1. Can you name every residue in region 310-334 that is among the hydrophobic types (A, V, I, L, M, F, W, C) and either surrounded by 15 or more Cβ atoms within 10 Å (Cβ to Cβ) or at pLDDT below 95 (or both)?
2. Can you tell me which residue within region 249-265, out of those that are in a strand (DSSP E or B) and touching a residue at least 60 places away in the same chain (Cβ under 8 Å), is surrounded by the fewest Cβ atoms within 10 Å (Cβ to Cβ)?
3. Any idea which of (1) touching a strand residue (DSSP E or B) at 6+ places or on another chain (Cβ under 8 Å); (2) small (Gly, Ala, Ser); (3) modelled with pLDDT under 95 is the one Ser122 doesn't satisfy?
4. Tell me whether region 318-329 contains one or more residues that are without any contact (Cβ under 8 Å) to a residue 12 or more places away in the chain, part of a helix (DSSP H, G or I) and within 19 Å of the chain's Cα centre (by Cα).
5. What tally of residues in region 57-108 results from selecting those that are touching a Leu at 6+ places or on another chain (Cβ under 8 Å) and away from the ligand (no atom under 12 Å from the Cβ)?
6. Go through region 296-334 and give me each residue that's in contact with a strand residue (DSSP E or B) (Cβ under 9 Å, 6 or more places away or on another chain) and either at positive phi or small (Gly, Ala, Ser) (or both).
7. With the condition kept exactly as written, say whether any residue in region 223-238 is β-branched (Val, Ile, Thr), surrounded by 23 or more Cβ atoms within 10 Å (Cβ to Cβ) and either part of a loop (DSSP other than H, G, I, E, B) or within 12 Å of the ligand (Cβ to nearest atom) (or both).
8. Quick check on my filter: what residues within region 176-202 are closer than 17 Å to Phe82 by Cα and either more than 13 Å from the chain's Cα centre (by Cα) or near the ligand (Cβ under 10 Å from one of its atoms) (or both)?
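The values are calculated or read from the model by the stated rules, or taken from the named source; none is laboratory data. Predicted model, so just to flag it, every value in this text is computed and none were measured. Every residue, glycine as well, gets a Cβ built from its backbone with ideal geometry; the counts of neighbours run over all protein chains shown.
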Amino acid sequence: QTILISGASGFIASHVIRLFLESGFKVRGTVRSEVSAKIVRETHAEYADALSFAFVKDISAPGAFDEAVKGVDGVIHTASPFILDAEDYDKELFNPAVNGTVSILKAVKEHNPSVKRIVVTSSFGAILDYTAGHQPGYIYTEADWNPMTANEAHGADPVAAYLVSKTLAEKAAFEFVETQKPSFSIVTVAPPLVYGPLLHGYESMSKLNTSSADIYRLFNGSSKEVPDTVFWACVDVRDVAKAHLLAYQTPTAANQRYIISAGSFSYQIFCNIIRARFPELVATTPEDKSSLPFPDVYKLDTTKAKNELGIAFRPIKETLMDTVTSLKELEKIT
Ligand code: NDP
């Protein structure tokens, strides 16, 4: 079987691609350029024969995926901007997120009837009520949707706009299935912050993907104080990859969404762990001077993913340790 994986150059996609290759699938990755294809090819060098590429320069363009979907057996759509500093929300976030998603579904419906399952990488941002604060005692489930509209997002900060881009894209995907009744089913995977070792190639430590940079700043000397925690949950990228594979393979997951989360964390806890476990980073990792207990914040219910996909999650501490180790290694070679 050949699986089309969009956004092949990304942090999460690199792990998704690797897992599908390891599981015996052939992978066709979409990239924007030949340069990008070369980097992805190097990332998965030992699977050269099973990896090919389709060039999709602009995922928001009409018909962007029409050629890419031809001849594949399944599709994983990960490509979407994950940036938290957009200025033009429509151009940088909403158009690529929403049009990219609808266009890949439409391309499959019109050009490849043999695809039976499409997995879409959504986000906990499509579930979270971002403006509601800590919400003590609240437990999010797949029944929740981020209530912010595109109009409201236009007057809000870029973080809110990113979360809304994911919300609009996921809603558009389910609406497509409902109104167009394609012969495939979709599954959406909704992780909170995704951390873990980096597989993908990137230009420099100043151009890390957003969630890896989020950890790097904790110990590279750029944070003088422990940053305020904004999102209180995270998950390992290797488990996110597993969730995509299971979502692809599980027939009963048809047209379902799944929260994929290992549990709660805060930057205070992360800084404490880094300082305790990496003595060489004590000088560049801010100290948590507040000694406040972990606040009573919302939680994420992952029962559905555990029961229906049969997934288990790596402990957060292990994810953090592996992320820091990976970033330290990369720092040496870039
Ligand atoms: P990356 O930035 O590493 O990857 C994003 C990928 O999408 C890249 O391949 C990028 O291509 C591609 N892409 C973005 N915008 C466009 C565009 N306009 N046209 C073509 N390709 C585009 O981020 P992640 O791996 O972290 O994110 C992957 C997915 O996971 C996204 O859908 C994101 O929303 C979601 N997600 C991520 C989380 C995290 O913490 N990392 C948490 C929850 C969800 P290029 O390299 O050419 O720019």
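1. The answer is Ile311, Phe313, Ile316, Leu320, Met321, Val324, Leu327, Leu330, Ile333.
2. Out of the qualifying residues, it is Gln256.
3. (3)
4. Checked against the condition, which is being without any contact (Cβ under 8 Å) to a residue 12 or more places away in the chain, part of a helix (DSSP H, G or I) and within 19 Å of the chain's Cα centre (by Cα), region 318-329 yields no hits at all.
5. 4
6. Ala305, the sole residue that qualifies.
7. Checked region 223-238: at least one residue is β-branched (Val, Ile, Thr), surrounded by 23 or more Cβ atoms within 10 Å (Cβ to Cβ) and either part of a loop (DSSP other than H, G, I, E, B) or within 12 Å of the ligand (Cβ to nearest atom) (or both).
8. Val189, Ala190, Pro191, Pro192, Leu193, Val194, Tyr195, Gly196, Leu198, His200, Gly201, Tyr202
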